[in-house]
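These notes concern the structure reproduced below.
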């Protein structure tokens with residue numbers, strides 16, 4: 001089975017440029033999560049969607065960051081304009097969440113996008 | 001807000017020694033998950049604990065969920081070089097059904 005697919009795997013761009021990260025979750029999963037990982041701050045949840053609807057975006061750093069999920073099989077995370085401090089590994093993860101009893105399935109992570117802003 | 005802490009932050013052990021990482025939540029959890037991330041890789045799910053006091057084993061790995069459902073531990077017996085990586089706990093708060101909070105992780109190095 002195909003796992004979570006992220007693209008690109010690596011991105012190097014100059015500050016001020018727009019960056020778009022893409023994610024295809026596992027088919028059948030109803031929740032999608034975007035994380036940012038750095039040495040200093042660890043693994044941070046940026047935003048997550050349930051059934052394509054953004055549920056919690058409290059982790060989004062600022063207005064330069066935006067995320068969309070137009071359908072169940074695709075999501076984007078956009079940074080505009082990008083800054084050097086945005087350099088990090090960005091992970092997308094998906095899971096199947098049950099709305100009953102507080103149960104949730106494991107999150108399956110993609111390979112990540114390694115973003116470098118010069 | 002909910003916080004999940006892990007100790008230690010780093011651990012260096014000689015191959016064959018045991019290793020334990022501890023996870024503590026500021027609030028009661030519905031369940032707790034453990035993930036392992038190899039250097040340069042992505043977090044991979046290891047196990048989920050749901051019941052108070054639950055203990056689960058995977059070969060040399062033993063996972064425990066505290067009686068109060070606010071803490072957990074992962075113990076590795078006789079570490080091997082393949083155990084190298086960062087171990088994360090992730091807790092699902094009782095008031096949430098989908099948002100897990102990841103701890104900062106414990107980075108394990110194994111000296112051959």
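Take residue B:51 and tell me if it is under 12 Å from the mean Cα position of the chain (by Cα) and either within 14 Å of chain A (Cβ to nearest Cβ) or surrounded by 19 or more Cβ atoms within 10 Å (Cβ to Cβ) (or both). Judged against the criteria, residue B:51 is not a match. Counting only residues that are over 22 Å from residue B:110 (Cα atoms) and surrounded by 15 or more Cβ atoms within 10 Å (Cβ to Cβ), how many does the range B:57-71 have? Total meeting the criteria: 6. When A:29, A:108 are checked against the criterion of being at the interface with another protein chain (Cβ under 10 Å from one of its Cβ atoms), touching a strand residue (DSSP E or B) at 6+ places or on another chain (Cβ under 7 Å) and in contact (Cβ under 8 Å) with a residue 12 or more places away in the chain, a single residue qualifies: A:108. Taking the criterion of being free of Cβ contacts under 8 Å to residues at least 60 places away in the same chain and under 16 Å from the mean Cα position of the chain (by Cα), the residues of the range B:1-25 that qualify are B:20, B:22, B:24.
Counting only residues that are loosely packed, with under 15 Cβ neighbours inside 10 Å, within 14 Å of chain A (Cβ to nearest Cβ) and touching a strand residue (DSSP E or B) at 6+ places or on another chain (Cβ under 6 Å), the range B:75-112 holds 1 of them.
Which residues, taken from the range A:53-72, are within 13 Å of the chain's Cα centre (by Cα) and modelled with pLDDT of 95 or more? Within the range A:53-72, A:65, A:66, A:67, A:68, A:69 qualify. Listed conditions (1) within 14 Å of chain A (Cβ to nearest Cβ); (2) over 15 Å from the mean Cα position of the chain (by Cα); (3) free of Cβ contacts under 8 Å to residues at least 40 places away in the same chain are all met by residue B:59, apart from (1).
Is it true that some residue in the range A:38-56 is crowded, with 20+ Cβ neighbours inside 10 Å, on the phi < 0 side of the Ramachandran plot and away from chain B (no Cβ under 14 Å)? No; the residues of the range A:38-56 include none that is crowded, with 20+ Cβ neighbours inside 10 Å, on the phi < 0 side of the Ramachandran plot and away from chain B (no Cβ under 14 Å).
The rows are residues; the columns are (1) surrounded by fewer than 15 Cβ atoms within 10 Å (Cβ to Cβ); (2) under 30 Å from residue B:28 (Cβ atoms).
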residue	(1), (2)
A:21	no, no
A:26	no, yes
A:32	no, yes
A:77	no, no
A:81	yes, no
A:87	no, no
A:93	no, yes
A:111	no, no
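With a requirement of 2 or more residues that are closer than 26 Å to residue B:106 by Cβ, the strands (runs of 3 or more DSSP E) lying completely within the range A:7-118 that satisfy it span A:31-38, A:42-50, A:88-95, A:113-117.
Evaluate the range A:76-89: report whether one residue or more is at the interface with another protein chain (Cβ under 9 Å from one of its Cβ atoms) and in contact with a strand residue (DSSP E or B) (Cβ under 6 Å, 6 or more places away or on another chain). Break it down stepwise before answering.
Step one: of the range A:76-89, the residues at the interface with another protein chain (Cβ under 9 Å from one of its Cβ atoms) are A:89.
Now narrow it down to the ones that are in contact with a strand residue (DSSP E or B) (Cβ under 6 Å, 6 or more places away or on another chain): A:89.
Yes: one or more hits.
Please work out if residue A:62 is within 10 Å of chain B (Cβ to nearest Cβ) and either surrounded by fewer than 19 Cβ atoms within 10 Å (Cβ to Cβ) or in contact (Cβ under 8 Å) with a residue 60 or more places away in the chain (or both). Judged against the criteria, residue A:62 is not a match. Would it be correct to say that residue B:45 is at pLDDT 95 or above, surrounded by 17 or more Cβ atoms within 10 Å (Cβ to Cβ) and at the interface with another protein chain (Cβ under 10 Å from one of its Cβ atoms)? Answer is yes for this residue. Looking only at residues in the range B:16-42 that are loosely packed, with under 13 Cβ neighbours inside 10 Å and over 22 Å from residue A:93 (Cα atoms), the one that is nearest to the other protein chains (Cβ to nearest Cβ) is B:18.
The values are calculated or read from the model by the stated rules, or taken from the named source; none is laboratory data. Just so we're clear, the structure is a prediction, and the values are computed from it rather than from any experiment. Note that each Cβ is placed from the backbone with ideal geometry, even for glycine, and that neighbours are counted across all protein chains shown.
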